[in-house]
Amino acid sequence: MKQFIIKTLLLLPWCLLAAYLINVTIYVAEPFERVRSPAFMGVYVGTVVVMMVYVGMINKAYNAVVADKKPKDREAEVKLLANYLLFAVIPPIVIHRVLLQVGVVIATQGSVGFGDILTNTRYWKEDFAFLLLPLFATALFFYYCPQYRLFAKKKTQIFAAPPKAPMGTWREYSLPNMLLEQLRKVLDPTVYLEDGKLRLYDVVFILYENNSYFAILTDGQKRLLPRFEPKLLGQWLLGSWFVQLNNNVRINMLYVQYPVKDHRNLILDETVAGTLFGPDSPHSPELCSGGRHGAQNVKNFIDSIPELEEGGWNLRIVRV
């Protein structure tokens, strides 16, 4: 609830500005005539309220259309964005147009009806763009900065002591990628901060560069870990999943392809590799390579699979 209130207060100035633009429209350069109207303040406050409602609707559209999706290529991402914008923007436009027409009908005491709700060319030419712009801007903001959404999609919890079935099967075959597939069915793939923390599920690599530690995430982001120390891995419930390949790289073995054929050169899960090692990515597959000590660490991890923890991937413990 605290996070919701804080995010609402952060988005309120945007709603105030958007409501102002929606009401002054083409007179934005010289708004005094409209602002001085006796009815302006009441209409303005009402528009702020409905704009907050529109923000909530766009938030729900993101959760429904985007939150569970992870496009595999550029074409899929463009289609996803187009579908999201369609479902995020069209409903508020329809609702707003109906509300405006109701207001006109009331103000004119019925002399103007609903017949011109679509054919009123003056509205579509002069006023519509000033509604469309804030709606598109809000939708794009949530798409590229999902951590600022008012509310995230409700996620299924995975607890530290899950039932033995069906989770136990991946242990029997020593195939953690089976666990990964099960987790993908119940966890939100969207990477975002909550209280300044990430999930271990979001982290693929931990790097040591220039006397600092960084996390490379499943969506390709590289985030500074200002408070990370290697000893923290021993305190984390799932810390043993992060295997040191060399002095600078630790890999989350959840995202490795199994069975492992070459302990010195691991192969990353195809979905994550497509994101991290794509043609436009700064990351290299060399991150998956280690030396003799790294290979031994990988062997030790595989030998320890029967004792590994498997719950708690949704817990936010990685502070950035």
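Quick note: the coordinates plus some simple rules give every number you see, no bench work behind them. Source: prediction; values computed, not measured. Reconstructed Cβ throughout: ideal geometry from the backbone, glycine too, with neighbour counts over all protein chains shown.
In this structure, the pairs whose alpha-carbon distance is over 32 Å, taken from Lys222/Lys261; Lys72/Lys125; Lys7/Lys72; Lys69/Lys125; Lys70/Lys261, are Lys72/Lys125; Lys69/Lys125. Full extension of the chain between Val102 and Glu33 gives 22.5 nm of extra length, using 0.36 nm per residue less the Cα-Cα distance.
Cross-link reach is defined here as a Cα-Cα straight distance under 17 Å, omitting same-chain residues fewer than 8 places apart; for Lys79 the aspartates and glutamates meeting it are Asp68.
Checking every one of the chymotrypsin sites (Phe, Trp or Tyr not before Pro) in segment 99-138 against DSSP loop status and a limit of 14 other Cβ atoms within 10 Å picks out Phe114.
Put simply, when 74-84, 199-209 are sorted by average Cβ atoms within 10 angstrom per residue, most first, you get 199-209, 74-84.
Between Gln296 and Val78, the simple spin-label model (points 7 angstrom out along Cα→Cβ) gives 5.1 nm. For the chain, the average shadow cast by the Cα convex hull is 21.3 nm², which is a quarter of the hull's surface. Which one of Ser174, Val102, Pro38 is farthest out on the positive end of the charge dipole of the chain, using unit charges on Cβ (Lys, Arg +1; Asp, Glu -1) and the Cα centre as origin? It is Pro38. Around the Cα centre of segment 168-319, unit charges on the Cβ atoms of Lys, Arg, Asp and Glu (plus for the first two, minus for the last two) sum to a dipole of about 360 debye. Evaluating kT/(6 pi eta Rh) at 20 °C and 1.002 mPa s, with the Kirkwood radius of segment 168-319 over Cα pairs in the Stokes-Einstein relation, gives 137 µm² s⁻¹. Taking a ≥ b ≥ c as the square roots of the eigenvalues of the Cα gyration tensor, an a/c ratio of 1.5 or more together with a/b no larger than b/c marks segment 219-299 as oblate. Label-to-label distance for Phe151 and Asn246 is 4.8 nm, based on points extended 7 Å past Cα in the beta-carbon direction. With contacts taken as Cα pairs under 8 Å at a separation of at least 6 residues, segment 168-319 carries a relative contact order of 29 percent. For Phe130, the shell of other residues with beta-carbons less than 14 Å away shows a net charge of +2, using +1 for Lys and Arg and -1 for Asp and Glu.
For the chain, complete DSSP H runs whose alpha carbons reach 30 Å or more along their own long axis and whose mean Kyte-Doolittle score is 0.0 or higher are 2-24, 40-65, 74-107. From the Kirkwood radius over Cα pairs of segment 2-148, Stokes-Einstein at 4 °C and 1.567 mPa s returns a whole-number translational diffusion coefficient of 77 µm²/s.
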